[in-house]
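Q: Have a look at this one before I ask anything.
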Amino acid sequence: MGIVSDKDFDSALVDCVNPKPKPVPIAQIVDITRPGRKEGDVNVPDSLRQIIGDTSVTDGRQEAVALAKNFGISPSAASAYAHGATSTASYDEQPNRNTIVGAKERIAKKARAKLMLALTQLTPDKLAAAKARDIAGIARDMSQVMKNVEPESGPNTGVNTGGGPAFVFYAPQVREESSYQVIQAKD
C-alpha cells in the first residue's frame, strides 16, 4: 500500500507545493425580457380586488380607478374587479361576483327605502293636482332607479329568474347492439 514510483511521487509533491491556478469561468447574468409576471411581482390580494370592485359600484368608476392607481393597478384591471373578475382575462369566471352583487344589494336596499318614502309623499291629492305628463315622468324615474340598482339577473349571473325549481333531466345515450364487443363462448 502506498508504494508509488519516484516520478509519480515527485509530480504529486510539486502539485501540492505549487498548485496550478485553475482557469476562472467568465459568467454573465443576462436579464431577458419575457412576457408574464416578473420576479418579485405579487398578485393583487383578493381583499384589495373586492374593495376596488365595491368602490366602483358604490362610488363610481373614477373613484375605483383612483384607488387602484394608488396601489399601482391599471384602470383595465380596476374595471375587471368591478365585474367580479380577478383579471381582464377572467371576465367569464368572476370569482368575486358575490362581493359585487352584495354591494349592489346594499345600494338597492337604500334605494328601495328612499323610493318608498318618495311614493308615500305622492299623496292622492298631489297626484290629482299634477299633470298626467308629470305623473308619467315620476313613474318612469322611479322604475329607472329600481332598474339601475337591482342586481343583474339572467342565466350567467347565478340568480334564478324562473321563480320556481329548476329540473335537469339526464337521458342516457342509446347504443346499437353492433357497438358492443362480441365474445365467443365455448359450451
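The values are calculated or read from the model by the stated rules, or taken from the named source; none is laboratory data. Please read all numbers here as calculations on a predicted model, not as lab measurements. Neighbour counts run over all protein chains shown; Cβ positions are idealised from the backbone, glycine included.
Q: When you check Gln121 against the structure, is it modelled with pLDDT of 80 or more, loosely packed, with under 12 Cβ neighbours inside 10 Å, of a type in the set (S, T, N, Q) and farther than 26 Å from Val57 by Cα, yes or no? Spell out how you get there, then give the answer.
A: Working: modelled with pLDDT of 80 or more: no; loosely packed, with under 12 Cβ neighbours inside 10 Å: yes; of a type in the set (S, T, N, Q): yes; farther than 26 Å from Val57 by Cα: yes.
So Gln121 does not fit the description; no.
Q: Next question. Residues of region 6-44 being within 30 Å of Arg97 (Cβ to Cβ) and at pLDDT 80 or above, which ones? Show your work before the answer.
A: Step one: of region 6-44, the residues within 30 Å of Arg97 (Cβ to Cβ) are 35-38, 41-44.
Matches in region 6-44: Val44 only.
Q: For region 54-94, which positions are among the β-branched types (Val, Ile, Thr), part of a helix (DSSP H, G or I), at pLDDT 80 or above and farther than 18 Å from Arg106 by Cα? If you could, list the steps in order and put the result at the bottom.
A: Step one: filter region 54-94 for residues among the β-branched types (Val, Ile, Thr), giving 55, 57-58, 65, 73, 86, 88.
Those still in the list that are part of a helix (DSSP H, G or I) too: 55, 57-58, 65, 88.
Filter once more, so that each one left must be at pLDDT 80 or above: 55, 57-58, 65.
Val65 - this is the single residue of region 54-94 that is among the β-branched types (Val, Ile, Thr), part of a helix (DSSP H, G or I), at pLDDT 80 or above and farther than 18 Å from Arg106 by Cα.
Q: Only one of Ser87, Ser76 is under 11 Å from the mean Cα position of the chain (by Cα) and of a type in the set (S, T, N, Q). Can you tell me which?
A: Details: Ser76 fails: under 11 Å from the mean Cα position of the chain (by Cα).
Within the list Ser87, Ser76, the selection yields Ser87.
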